[in-house]
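Below: one structure, written as structure tokens.
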Amino acid sequence: MRFLLVAATRLEIDPLLSALRAKDKTDSNKQLHFLYEHLEIDVLITGVGMTATAYWMARAMALKKYDVAVNLGLAGTFHRNLELGTPVWVVKDRFAEMGAEAGDQFLPITQMKLLSSQDHPSTDSTVTLEAPITAPILGKMPKVSGITVNTVHGNEISIERVRNQFRPIVESMEGAAFMYACLAAEVPGYQLRTISNYVEKRNRESWDLVKAVKMLNDLGFTLLTEWGKQKP
């Protein structure tokens, strides 16, 4: 089984790599390579943002055929009922900034009639990817919708606008690009995140990165362990 484990930064998954005794040095393709049980795992550290994620995933998937891809990362949430550190499974994501400004309004690309049915896998700036539940931990995770942005929201006016327009649960800077790449390459993919902060006027003191990173790495280790116990 060939797995592609994708993260924007090493910081987010460093405890997991240490637990799995992954090598410290990445190769020229920004990858680490290791075996765990019967799993052959490539870890891809893409760098932050949609462009880096899309490019390095496309390169990796062009060079090797993967059975599964997993995106582990942090996310902000628009919902106060989600505690910081909560793991979520993002099954629907959107390129929220794809469109045009019309005075004080934002027009999604769907209203601009620039996309057609040939623009697979995203014909309306939205990507949906819900792979099968293949490990017990996945069945315990809430499935949520998200938005992917270049600029993380920290302005009350823009937060209210995007909340009313798209009704997102979480936001990240890479998620939709990961899902887009998986759909285009026809690879089952799982975008799994833990909540590091609430989407509000920027206040780093209210974030809980320590808890979010710990919960993310516990999630990643549990998932790989459960997959590793399954028959090849």
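Looking at E171, is it within 19 Å of V6 (Cβ to Cβ), touching a residue at least 12 places away in the same chain (Cβ under 8 Å), outside any helix (DSSP H, G or I) and of a type outside the set (S, T, Y)? Yes, satisfied. Residue pairs whose Cβ atoms lie under 9 Å apart, separated by 6 or more positions or on different chains, with the first residue in region 144-155 and farther than 19 Å from K92 by Cβ and the second in a strand (DSSP E or B), are V152/G76; V152/E171; V152/S172. Confirm whether T126 is crowded, with 16+ Cβ neighbours inside 10 Å, in contact with a strand residue (DSSP E or B) (Cβ under 8 Å, 6 or more places away or on another chain), free of Cβ contacts under 8 Å to residues at least 60 places away in the same chain and within 15 Å of V90 (Cα to Cα). For T126, the condition - crowded, with 16+ Cβ neighbours inside 10 Å, in contact with a strand residue (DSSP E or B) (Cβ under 8 Å, 6 or more places away or on another chain), free of Cβ contacts under 8 Å to residues at least 60 places away in the same chain and within 15 Å of V90 (Cα to Cα) - is met.
Looking at region 40-75, which of its residues are in contact (Cβ under 8 Å) with a residue 60 or more places away in the chain, farther than 14 Å from Q191 by Cα and assigned to a strand (DSSP E or B)? Matches in region 40-75: I41 only. Screening I169 with (1) surrounded by 15 or more Cβ atoms within 10 Å (Cβ to Cβ); (2) touching a helix residue (DSSP H, G or I) at 6+ places or on another chain (Cβ under 8 Å); (3) of a type outside the set (K, R) gives one miss only, at (2). Within region 129-159, the set of residues being more than 26 Å from A54 (Cβ to Cβ) and small (G, A, S) comprises A135, G139. Restricting attention to region 207-217, does a residue exist that is without any contact (Cβ under 8 Å) to a residue 60 or more places away in the chain, more than 14 Å from V6 (Cβ to Cβ) and among the basic types (K, R)? Taking every residue of region 207-217 in turn, none turns out to be without any contact (Cβ under 8 Å) to a residue 60 or more places away in the chain, more than 14 Å from V6 (Cβ to Cβ) and among the basic types (K, R).
Residues that are farther than 15 Å from A131 by Cβ and surrounded by 15 or more Cβ atoms within 10 Å (Cβ to Cβ) within region 60-77 comprise A60, M61, G73, L74, A75, G76, T77, listed in sequence order. On inspection, V144 passes the criterion of being over 15 Å from A96 (Cα atoms), buried (at least 16 other Cβ atoms within 10 Å of the Cβ) and of a type in the set (A, V, I, L, M). Give the residues of region 177-232 that are within 19 Å of the chain's Cα centre (by Cα), polar (S, T, N, Q) and either crowded, with 20+ Cβ neighbours inside 10 Å or more than 17 Å from K140 (Cβ to Cβ) (or both), sorted by residue number. Q191, T194, S196, N197, N217, listed by residue number. Report, by residue number, each residue of region 27-63 that is in contact with a Leu (Cβ under 8 Å, 6 or more places away or on another chain) and either basic (K, R) or under 21 Å from T194 (Cα atoms) (or both). Within region 27-63, K30, V43, L44, I45 qualify.
For every residue, the table says whether it meets (1) over 20 Å from T9 (Cβ atoms); (2) modelled with pLDDT of 95 or more.
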| position | (1), (2) |
| --- | --- |
| V149 | no, no |
| V162 | yes, no |
| R167 | yes, no |
| V170 | no, yes |
| A177 | no, yes |
| K201 | yes, no |
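Which one is nearest to R59 (Cα to Cα) among residues in region 1-36 that are modelled with pLDDT of 90 or more and in a loop (DSSP other than H, G, I, E, B)? Out of the qualifying residues, it is A8.
Yes or no, residue by residue, for (1) farther than 21 Å from K229 by Cβ; (2) of a type outside the set (S, T, N, Q); (3) touching a Ser or Thr at 6+ places or on another chain (Cβ under 7 Å):
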site	(1), (2), (3)
D14	yes, yes, no
S28	yes, no, no
L32	yes, yes, yes
V48	yes, yes, yes
A52	yes, yes, yes
Y55	yes, yes, no
Y66	no, yes, no
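Out of all the residues in region 175-200, which are in contact with a Gly (Cβ under 6 Å, 6 or more places away or on another chain) and in a loop (DSSP other than H, G, I, E, B)? Result: V199, single match. Do you know which of the residues in region 78-100 that are under 28 Å from A135 (Cβ atoms) and within 13 Å of the chain's Cα centre (by Cα) is modelled with the lowest pLDDT? Only one residue fits best here, namely R94.
The values are calculated or read from the model by the stated rules, or taken from the named source; none is laboratory data. Here the structure is a predicted model, which is why all the values come from computation and not from measurement. As a convention, Cβ positions derive from the backbone with ideal geometry for all residues, glycine included, and neighbour counts pool all protein chains shown.
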